[in-house]
Amino acid sequence: MTPAALELDFERDFEFPPSIVFDALIEPDLILGWLAEADVEPQLDGCYDLVWLTSSSYPPTQGMITALEEPELLEIETDNRGEISFRLSALPGGPFGTTTRLLTTVRVAVDAAFVPRVKADWLSNLDQLDGLLRGHPVDWANWDRDRAEAWRGYLAAAGGR
């Protein structure tokens, strides 16, 4: 039985201008601070490969950038995480005069039993992005101690176990 295609949207506001948030989506050193170890060629059809650091059960992800409009849009097709789209829009306000609304859309074929995990992963990832932007990158060696409880909360709220 083939899993059904699923589209999930996650919207988050960050108190930083879009150029700063965009850099955290495209620069490997910054991606490491919130998402995964990354090898990125920041160009159309460039690679966007990720090595997940929260669990050895996640295989590495090979991706390709399919849309790139700095600092408003980044879209990636992956071999095992579906399609990921980051849309950034500037809003007035915040300590820098401009904030960013980030709409993250994940399109993936996944068995219904794994939907809560996908939701928990992305909600946790966006928390980690916020932490990075505020000067607190993920300490991957202590992820379980520092972040697993919040992830489990997201999992429970999404209907998972």
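Each reported figure results from applying straightforward, stated rules to the coordinates on display, with no laboratory input. This is a predicted model, so every value here is computed, not measured. Note that each Cβ is placed from the backbone with ideal geometry, even for glycine, and that neighbours are counted across all protein chains shown.
With the Cα gyration tensor of the chain giving a ≥ b ≥ c as the square roots of its eigenvalues, does the rule (a/c under 1.5 for rounded; else a/b larger than b/c for prolate; else oblate) give rounded, prolate or oblate? Since a/c stays below 1.5, the shape of the chain is classed as rounded.
Count Lys and Arg as plus one, Asp and Glu as minus one, and take only other residues whose Cβ is under 10 Å from that of Ser124; the net charge is then +1.
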